[in-house]
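Working notes, structure below.
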Amino acid sequence: MRRDIFQAIADPTRRAIIALIALQAMTPNAIAENFNTTRQAISKHLRILTECELVKPEQHGREIYYSLEIDKMKEIEKWLEQFKKIWEAKFNQLDQVLSTIKKQEK
């Protein structure tokens, strides 16, 4: 089953993993130290993030380091951008209404 990036970021643990490795590449053990869960659970989350291409594993000697795939994060940003435009338009309308009310009160 092919997962998409939105399924990946739906889970709060996976979002926390993304935030951790956004700063620097980390091994699964180093990631697991930041959570109150098993190493196996973290590995499952990393597998899902890898399948969605949000993280990239790289072998360095005997260790695997996971790093964030910035280009995939841009897909999320692009999707959110359409809503940002809608929100901004609504806020601008609200500003106009408030400005009108304020002028009427004077």
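Confirm whether Phe6 is touching a residue at least 24 places away in the same chain (Cβ under 8 Å), in a helix (DSSP H, G or I) and either loosely packed, with under 13 Cβ neighbours inside 10 Å or at positive phi (or both). Taking the combined requirement at face value, the residue satisfies it. Looking across segment 54-105, the residues that are free of Cβ contacts under 8 Å to residues at least 12 places away in the same chain and either outside any helix (DSSP H, G or I) or among the basic types (Lys, Arg) (or both) come down to Pro57, Gln59, His60, Gly61, Arg62, Lys74, Lys78, Lys84, Lys85, Lys90, Lys102, Lys103.
When the test is whether a residue is loosely packed, with under 11 Cβ neighbours inside 10 Å, out of contact with any Asp or Glu (no Cβ under 6 Å at 6 or more places or on another chain) and over 23 Å from Ile5 (Cβ atoms), Lys103 passes it.
For Arg62, indicate whether it is charged (D, E, K, R) and closer than 18 Å to Ile76 by Cβ. When the stated conditions are applied, Arg62 does not pass them. Looking only at segment 63-84, residues that are farther than 21 Å from Ile9 by Cβ and either of a type in the set (Val, Ile, Thr) or at pLDDT below 90 (or both) come to 1 in all.
How about segment 43-74: which of its residues are farther than 15 Å from Met26 by Cα and either touching an Asp or Glu at 6+ places or on another chain (Cβ under 7 Å) or surrounded by fewer than 15 Cβ atoms within 10 Å (Cβ to Cβ) (or both)? The answer is Lys44, Cys52, Glu53, Ile70, Asp71, Lys72, Lys74. Across segment 25-44, the number of residues qualifying as without any contact (Cβ under 8 Å) to a residue 12 or more places away in the chain and either acidic (Asp, Glu) or assigned to a loop (DSSP other than H, G, I, E, B) (or both) comes to 3.
The values are calculated or read from the model by the stated rules, or taken from the named source; none is laboratory data. Small disclaimer: the values here were computed from a predicted structure and weren't measured. When we count neighbours, we look across all protein chains shown, and the Cβ atoms used for this are built from the backbone with ideal geometry, even at glycine.
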